[in-house]
Ligand code: PLP
């Protein structure tokens, strides 16, 4: 493969093109454009192998909550590696980091919860939640109750089952997902695009709850087992639900005995201005999945937190079979668990929720001040320290750009030139999900740089 013009032979770029297949990348375009090779991080910034500095407006993948340096977390990992680098949790084996972290998560849960199960990624956590729901319904004698409802534009991961819950075309096309007709998608709760002319957020929410109820009745309530939702939809475009949405949705789910799985993989640990997204939107879930900020992303770990109702069903099933036949080699890995515990302690000490409320309010205002009224901007939205600026080709019709314009990649590239790492999402939304440690001065710099990037793209499109 020919390296890009600026990639010297044997450069990182040339070797990357020769040997790496990147996730979420147009492989052909990559062969021409090459990678950005990040070599180090400090605070909310990273540097590439050319020495260029970037503010990380996405905390990597919504995940590096404490930024890109922490001697304290590194020391904890080191100490745990010296003491017990690996042990597993199968067949009733345990270790202290696993026990301590589970206790901390149950104490911090947004509603009474019973047990914690571990995996390594958000996708595995959601796969596990689906399998738990199927197992639970078999165990309690409801073998027909197996269908799962998620929303269009939801992101629940990419493994075969979690990818089936995800509601984004790029995750389904050519992968033959969803894997079965057990996966059903209902409308995206995004008022800007989904609301009818003149319809209030509350009326829109009522209409979505009615759609959910009609879907359950059409499928047969005895076949519908679970509803998956991100409190704020992230990768689908940062969609904050319309007022009253979750109250109305939960009323329908309760009526038909459908379990609520809150996917807190992005929202969990402060992102929305409460410890959990569930608290921001008054959600009482049966199961919570979380990952990313659980360990500040210093090491992979995810958790599935279940209530006692679910646990009792799973426990009965396992007693019948003689085991709960599910688990990962690295479920509750001691080094990841030790780092996660220390991360939660850091959150307590930094008064995470108060910090996000203050800095988040500033970020939301700064984004609105800079981007509302810009000729390419349709909507600026967000809550806490997650937000998006949606670009539109036509403000009156709210039409997004033709995919051939590649507005997202253009903007990401312009951002790189300005020293800010941005990510274009479906819906032509430019997302902001910076490290939660970000302070107000860096919020301002991030918005300034992103603003200049958007201005540069505006000039390109003239
Ligand atoms: N759920 C949500 C809400 C996510 O945002 C993500 C990843 O971005 C996932 C699940 C999947 O997590 P992972 O990439 O760790 O598999």
Per the list (1) touching a residue at least 12 places away in the same chain (Cβ under 8 Å); (2) more than 22 Å from the chain's Cα centre (by Cα), residue check on residue 422 breaks on (2)
The lone condition residue 281 fails out of (1) farther than 23 Å from residue 148 by Cα; (2) within 16 Å of the ligand (Cβ to nearest atom) is (1)
For helices (runs of 4 or more DSSP H) lying entirely in region 111-190, having 1 or more residues that are modelled with pLDDT under 95, out of contact with any strand residue (DSSP E or B) (no Cβ under 7 Å at 6 or more places or on another chain) and more than 13 Å from the ligand (Cβ to nearest atom) picks out none
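Table: residues versus (1) in contact (Cβ under 8 Å) with a residue 40 or more places away in the chain; (2) part of a strand (DSSP E or B).
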residue: 262; (1), (2): no, yes
residue: 270; (1), (2): yes, no
residue: 275; (1), (2): yes, no
residue: 288; (1), (2): yes, yes
residue: 310; (1), (2): yes, no
residue: 325; (1), (2): no, no
If you go through 269, 228, 260, 204, the only one that is touching a helix residue (DSSP H, G or I) at 6+ places or on another chain (Cβ under 6 Å) and away from the ligand (no atom under 16 Å from the Cβ) is 204
Among residues of region 426-459 being out of contact with any helix residue (DSSP H, G or I) (no Cβ under 7 Å at 6 or more places or on another chain) and under 25 Å from residue 399 (Cα atoms), the residue modelled with the lowest pLDDT is 426
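Matching residues to (1) closer than 15 Å to residue 300 by Cα; (2) surrounded by 13 or more Cβ atoms within 10 Å (Cβ to Cβ); (3) modelled with pLDDT of 95 or more:
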{"position": "55", "(1), (2), (3)": "no, yes, yes"}
{"position": "83", "(1), (2), (3)": "no, yes, yes"}
{"position": "86", "(1), (2), (3)": "yes, no, yes"}
{"position": "89", "(1), (2), (3)": "no, yes, yes"}
{"position": "92", "(1), (2), (3)": "no, no, yes"}
{"position": "101", "(1), (2), (3)": "yes, yes, yes"}
{"position": "106", "(1), (2), (3)": "no, yes, yes"}
Counted residues in region 17-57 being within 30 Å of residue 273 (Cβ to Cβ), within 16 Å of the ligand (Cβ to nearest atom) and free of Cβ contacts under 8 Å to residues at least 60 places away in the same chain come to 2
Just one listed residue, out of 251, 243, is in a helix (DSSP H, G or I), surrounded by fewer than 17 Cβ atoms within 10 Å (Cβ to Cβ) and either more than 16 Å from the ligand (Cβ to nearest atom) or free of Cβ contacts under 8 Å to residues at least 60 places away in the same chain (or both), and it is 251
Regarding residue 98, is this residue in a helix (DSSP H, G or I), more than 16 Å from the ligand (Cβ to nearest atom), more than 19 Å from residue 312 (Cα to Cα) and touching a helix residue (DSSP H, G or I) at 6+ places or on another chain (Cβ under 9 Å)? yes
Quiz prompt | So residue 210, is it surrounded by fewer than 17 Cβ atoms within 10 Å (Cβ to Cβ) and in a helix (DSSP H, G or I) | solution = yes
Exactly one of 67, 60 is in contact with a strand residue (DSSP E or B) (Cβ under 9 Å, 6 or more places away or on another chain) and within 16 Å of the ligand (Cβ to nearest atom), and that residue is 60
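The values are calculated or read from the model by the stated rules, or taken from the named source; none is laboratory data. The model shown is predicted, which means the values in this text are computed figures rather than measured ones. Note: ideal-geometry Cβ built from the backbone for every residue, glycine included; neighbour counts use all protein chains shown.
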